[in-house]
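Bear in mind these aren't lab numbers, they're just calculated from the coordinates by the rules spelled out. Quick caveat: nothing in here was measured; it's all calculated off a predicted structure. Counting neighbours? That spans all protein chains shown, and the Cβs are built from the backbone with ideal geometry, glycine included.
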Amino acid sequence: MSEKTSKAFADLNLNPWLIRQCTSIGIKVPTPIQTNCIPAILEGKDVIGAAKTGSGKTLAFALPILQQLCEDPYGIYALIITPTRELAFQIADQFAVIGKPINLKHCVIVGGMDMVTQGKELAKRPHIVVATPGRLADHIESCNTFSLARIKFLVLDEADRLLGGQFDGQIGTIFKVLPKKKQCLFFSATVTDTLQKLKEVTETDVVVYEQPAEI
Ligand code: ADP
Ligand code: MG
């Protein structure tokens, strides 16, 4: 994918309300990963995006997901999987702040918290579920209060840490209950061998953006 540069969020086909929300929290200019991934996501493409930590990967997927969600809101619309509790809460916070004007409902499914309470939250059909693999797999195996069968988006945040390692069993459990047709957005700090392999085997036309290293 060729590198694009952009001066404004308005150039990325984002709705004005999303741009207003960004401005209200001091986010005025898109970062390179946002400029390069948001238009492709809005076009319905699967995207693999790599850029170093702190480069704004969360909003690169959260903004286009929120825009699409607005057009056809139903829950559970998007599933975001991330390796740690801390990352899950950080991602959920960004969704909550930007999604405030549309009364976004979200829930965080991570270990160390009450399973029953989480099960009830899932049963309320939040638009966005942000989860760590272990706890989400536990819920899938132990209760039937919710369904992930109609998700529109699957996001693997820190995808290189989620694939091809310790999380394989849990990720396998989760993937089994997801619909075949969904838009897959995989973000990580580097395009590792696993992501490269995924790109080779995936049926769809995946857009890959890797932010060039700074010189
Ligand atoms: P990454 O996932 O790439 O490590 P994050 O998405 O967590 O990075 O973003 C890191 C920080 O940068 C967050 O505090 C976020 O609010 C901020 N941020 C995101 N996009 C922008 C932007 N376009 N301009 C300024 N700050 C931004
Ligand atoms: Mg991140």
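Take the alpha carbon atoms of the chain, find their radius of gyration, then divide it by 2.2 N^0.38 Å using N residues; give the quotient. Kindly include the intermediate steps, with their values, before the conclusion.
Values: Rg = 16.4 Å, N = 215, 2.2 N^0.38 = 16.9 Å.
Against the compact-globule rule of thumb, the ratio is 0.97.
Arrange Asp93, Asp114 by Cβ neighbour counts within 10 Å, fewest through most, would you? Write out the running numbers ahead of the final one.
Working: Asp93 14, Asp114 9.
Going from least to most buried by this count: Asp114, Asp93.
Please arrange Leu162, Leu42 by how many other C-beta atoms lie within 10 Å of their C-beta, fewest to most. Spell out each step's value before the answer.
Details: Leu162 23, Leu42 17.
Taking fewest neighbouring Cβ atoms as first place, the list is Leu42, Leu162.
In deg cm²/dmol, rounded to 500, what helix-only [θ] at 222 nm does the chain give when every DSSP H run of at least 4 residues adds -39500 (n - 2.57) and the total is split over its residues? Display every interim value, and only then the final one.
Details: 9 runs with 90 residues, N = 215.
Value at 222 nm, helices only: -12500 deg cm²/dmol.
When the chain is fully extended, how far beyond the present Cα-Cα distance does Thr192 get from Ala8, taking 0.36 nm per residue of separation?
Working: separation 184, 0.36 × 184 = 66.24 nm, distance 3.00 nm.
Contour length minus Cα-Cα distance gives 63.2 nm.
Which aspartates and glutamates have a Cα lying under 12 Å from the Cα of Lys199, excluding residues fewer than 8 positions away in the same chain?
By straight Cα distance, Lys199 reaches Asp46.
For the residue pair Ser142 and Asp205, what label-to-label distance in nm results when each label sits 7 Å from Cα along the Cα-to-beta-carbon direction?
4.4 nm
Could you put Leu156, Leu63 in order, starting from the residue whose Cβ has the fewest other Cβ atoms within 10 Å?
Numbers: Leu156 26, Leu63 29.
Fewest-to-most ranking of Leu156, Leu63: Leu156, Leu63.
Longest exposed-loop-site-free stretch of the chain, with GluC sites (Glu not before Pro), DSSP loop and at most 15 other Cβ within 10 Å? It would help to have the intermediate numbers written out before the result.
Working: sites that count: Glu3, Glu43, Glu203, Glu214.
The reported range is 44-202.
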